[in-house]
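To keep things clear, I will list the structure first and then write my remarks on it.
FYI, it's all coordinate maths here, none of it is from the lab. Computed from a predicted model, the values in this text were never measured in an experiment. Heads up, the Cβs are rebuilt from the backbone with ideal geometry, glycines too, and the neighbour counts pull from every protein chain shown.
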Amino acid sequence: MNYIIGKNPVIEAIKNDREIDTIYIKSGEKEERLKYIISIAKDKKILVKEVDKKKLDMMSENANHQGVLALISEYKYYEFDNLLEDIKNNREKGKKNLILILDRIEDVHNLGAIVRSAYCASADAIIIQNRRSAQINQTVEKTSAGATSYMKICRVSNLNDAIQKLKDSGIWIYALDMGETPYFDTDLSGDVALVVGNEGKGISTLVKRNSDMIISIPITGKIDSLNASVSASIAMFEVVKQRMRKK
């Protein structure tokens with residue numbers, strides 16, 4: 001069994017009917033959010049146990065658990081083939097697709113922040129690699145504020161094969177990297193996938209080569225790059241802005 005910690009991640013896991021074995025709540029006087037967790041957990045017939053803070057500290061390996069920890073089944077990644085079918089169905093309904101491709105993002109806090117922003121931007125899915133990349137764990141769940149319970153996250157073994165299949169499905173691939181074309185001068189209102197690269201090495205050469213276009217975020221300060229989660233958020237909400245203006 002895995003576990004998630006923190007009030008928001010646990011609440012969203014309950015609401016989204018994640019497979020929860022047991023919820024552990026700090027014993028003693030409880031603030032309103034913990035009372036709410038107990039209430040909705042009982043409505044869903046989820047076992048709730050009260051334990052002392054030392055027990056929660058030990059179970060969470062001294063992480064900031066906020067007085068609650070839930071034992072859950074292993075995170076279920078979304079099947080990439082199902083995503084390809086979703087793309088087709090969205091197009092038939094007249095809905096534009098927005099997909100985020102993460103090329104070797106290693107920091108779990110970055111991944112969690114990206115998942116949260118992607119959900120807020122109504123992205124359809126996130127694609128990560130199953131090797132040399134951060135995976136969904138309790139830190140990602142907590143950093144995402146529970147968005148992992150709603151976001152479709154696909155895990156693939158070969159990112160370039162996945163990119164080619166997306167292109168075959170009519171998705172335009174835009175890689176966020178150093179370049180001459182600013183993101184705000186690019187039409188991102190169609191079916192798009194945004195590629196965000198590794199925190200230190202950026203996007204791999206082959207992924208850039210397989211992308212349709214390189215777009216950049218202009219940097220005017222002495223530091224030449226942004227945090228990966230910040231870059232992803234800027235680009236995703238540019239897509240949101242352009243689509244809203246075309247309505």
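Quick one: would you say residue 11 is touching a Lys or Arg at 6+ places or on another chain (Cβ under 9 Å) and in a helix (DSSP H, G or I)? Before you say what the answer is, go through the steps one by one.
Values: touching a Lys or Arg at 6+ places or on another chain (Cβ under 9 Å): yes; in a helix (DSSP H, G or I): yes.
Yes.
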Would you check if there is a residue in region 45-59 being more than 23 Å from the chain's Cα centre (by Cα), part of a loop (DSSP other than H, G, I, E, B) and β-branched (Val, Ile, Thr)?
-> yes
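For residue 91, indicate whether it is closer than 22 Å to residue 204 by Cβ and either within 10 Å of the chain's Cα centre (by Cα) or not β-branched (Val, Ile, Thr) (or both). Give the steps one after another, and end with the answer.
Values: closer than 22 Å to residue 204 by Cβ: no; either within 10 Å of the chain's Cα centre (by Cα) or not β-branched (Val, Ile, Thr) (or both): yes.
No, not satisfied.
For residue 56, are the conditions met, namely being buried (at least 16 other Cβ atoms within 10 Å of the Cβ) and in contact (Cβ under 8 Å) with a residue 24 or more places away in the chain?
Numbers: buried (at least 16 other Cβ atoms within 10 Å of the Cβ): yes; in contact (Cβ under 8 Å) with a residue 24 or more places away in the chain: yes.
Yes, satisfied.
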Among the residues of region 83-111, count how many are surrounded by fewer than 21 Cβ atoms within 10 Å (Cβ to Cβ) and under 19 Å from residue 135 (Cβ atoms).
-> 4
